[in-house]
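What follows is one structure encoded as C-alpha cells, with my remarks underneath.
The values are calculated or read from the model by the stated rules, or taken from the named source; none is laboratory data. This is a predicted model, so every value here is computed, not measured. Please note: Cβ atoms are built from the backbone with ideal geometry, for glycine as well, and neighbour counts cover all protein chains shown.
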Ligand code: CA
C-alpha cells in the first residue's frame, strides 16, 4: 500500500525530532534538536506550548513519577513541570563533542538512549547506547554507535530494534524483558539504496516497524520479517521520527527537518520542518513511562 501523509502543524522546526504521544494527556511532544526547545501540543484544545530546556534535547519520554525523562546534550535529566526546569540525573559521557540523540522506554520502564558525536565529527562512530534503570544506574549496552536512532520493542517483548543512520541499518537484538540484557545483534533491514537513511521509528500493535527515511521523503512500514509492507509519502525529504497518537491511537504523527537544505530545496519543500499526520488502519502501543 502507498499512503500520502497530510500536513498537520506548521511548526517550521529546524530539526524536528523525538515524537512522543501521551495517552493520559492526549498530547504530542517533540523536540527541535537544533535548539534547546521542546514542544507540547494538546489534541483537545489545539494549544501548543514551547519549553526551553537550556541545552539540546535528543529525546524525551514520560516518567511514571510525573514529568519527563530527557536524553539531552549533557546526559540524562528529568523535566519538572511544576517549576518548568531541567533536573540533571547523570552524564555518562561528559564530553563537549558528544550529545544524546534518540531513545525510548522498554516495557519494564528502563530508559534507553544513544549518544553521538556532533559538530564536525557527526556521522563517525563515537557514541554508545545507554540504559538508564529505575534506580538511576547507567549501563553501556552497545558501543560504538554513530547516529543512534529509533529504539523499540516487539509486542512479545522478545526483540529490541535499534537503528544506526550512518550504516543505513536497523538492527535487531534478542531482548530479555526481565533483566534488560540484549544479545545476538543482527541486521533487521539494510537500505543502502534508499529510500533515504533510517532515522526514528515506532512499532505498532501488530509488531510492524514504521521507519522514517531521512532524505527519503517517506515512512516505510516493515513487517517483523523485515519486508516492506507499505510506504507513506511526504512532500518533504528529511523525515525524522514518528509516534502513534490520537484518541484511538491510530494516527501516525511524523516530525521533519529543514536543517541542511539549500534555499532552492526549501523553495521546493516549504513545509520542511512541519509535522505531518497519517490516519492509519492500525493502532500504536501506549508509550511506556520511565519507572524511576
Ligand atoms: Ca533522529
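Just checking, does segment 57-73 include any residue being farther than 23 Å from residue 284 by Cβ and away from the ligand (no atom under 16 Å from the Cβ)? Yes, the conditions are met somewhere in segment 57-73.
Quick grid of which residues meet (1) in contact (Cβ under 8 Å) with a residue 60 or more places away in the chain; (2) under 18 Å from residue 200 (Cβ atoms); (3) in a loop (DSSP other than H, G, I, E, B); (4) touching a strand residue (DSSP E or B) at 6+ places or on another chain (Cβ under 6 Å):
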{"site": "232", "(1), (2), (3), (4)": "yes, yes, no, yes"}
{"site": "235", "(1), (2), (3), (4)": "yes, no, yes, no"}
{"site": "243", "(1), (2), (3), (4)": "yes, yes, no, yes"}
{"site": "270", "(1), (2), (3), (4)": "no, no, yes, no"}
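Being more than 16 Å from the ligand (Cβ to nearest atom), part of a loop (DSSP other than H, G, I, E, B) and surrounded by fewer than 20 Cβ atoms within 10 Å (Cβ to Cβ) is the requirement here; does residue 157 meet it? Yes.
Only residues that are within 15 Å of the ligand (Cβ to nearest atom) and either surrounded by fewer than 20 Cβ atoms within 10 Å (Cβ to Cβ) or assigned to a strand (DSSP E or B) (or both) were counted in segment 1-34, giving 12.
Restricting the first member to segment 94-115 and to residues that are more than 24 Å from residue 178 (Cα to Cα), and the second to residues that are surrounded by fewer than 16 Cβ atoms within 10 Å (Cβ to Cβ), the beta-carbon pairs closer than 7 Å and six or more apart or on different chains are 97/119; 97/121. Residues considered: 89, 105. Of these, the only one that is over 27 Å from residue 273 (Cα atoms) and either touching a helix residue (DSSP H, G or I) at 6+ places or on another chain (Cβ under 8 Å) or surrounded by 14 or more Cβ atoms within 10 Å (Cβ to Cβ) (or both) is 89. Within segment 7-22, identify whether any single residue is over 18 Å from residue 242 (Cβ atoms), modelled with pLDDT of 95 or more and under 14 Å from the mean Cα position of the chain (by Cα), and answer yes or no. No, segment 7-22 contains no residue that is over 18 Å from residue 242 (Cβ atoms), modelled with pLDDT of 95 or more and under 14 Å from the mean Cα position of the chain (by Cα). Taking segment 195-221 as the range and being crowded, with 22+ Cβ neighbours inside 10 Å and under 14 Å from residue 153 (Cα atoms) as the test, the residues that pass are 200, 201, 202, 203, 209, 210, 211.
Taken over segment 275-292, the criterion of being in a loop (DSSP other than H, G, I, E, B) and either surrounded by fewer than 23 Cβ atoms within 10 Å (Cβ to Cβ) or free of Cβ contacts under 8 Å to residues at least 40 places away in the same chain (or both) is satisfied by 280, 281, 282, 283, 285, 286, 287, 288, 289, 291, 292.
Could we say that residue 141 is more than 16 Å from the ligand (Cβ to nearest atom), assigned to a strand (DSSP E or B) and buried (at least 20 other Cβ atoms within 10 Å of the Cβ) here? No, not satisfied.
One line per residue, one yes/no per condition, for (1) without any contact (Cβ under 8 Å) to a residue 24 or more places away in the chain; (2) farther than 17 Å from residue 1 by Cβ; (3) touching a strand residue (DSSP E or B) at 6+ places or on another chain (Cβ under 6 Å):
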{"position": "182", "(1), (2), (3)": "no, yes, yes"}
{"position": "185", "(1), (2), (3)": "no, yes, yes"}
{"position": "189", "(1), (2), (3)": "no, yes, yes"}
{"position": "193", "(1), (2), (3)": "yes, yes, no"}
{"position": "209", "(1), (2), (3)": "no, no, yes"}
{"position": "214", "(1), (2), (3)": "no, yes, yes"}
{"position": "218", "(1), (2), (3)": "yes, no, yes"}
{"position": "221", "(1), (2), (3)": "yes, no, yes"}
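Hey, can you tell me all the residues within segment 164-194 that are more than 16 Å from the ligand (Cβ to nearest atom), under 17 Å from residue 240 (Cβ atoms) and either crowded, with 21+ Cβ neighbours inside 10 Å or modelled with pLDDT of 95 or more (or both)? Of everything in segment 164-194, nothing turns out to be more than 16 Å from the ligand (Cβ to nearest atom), under 17 Å from residue 240 (Cβ atoms) and either crowded, with 21+ Cβ neighbours inside 10 Å or modelled with pLDDT of 95 or more (or both).
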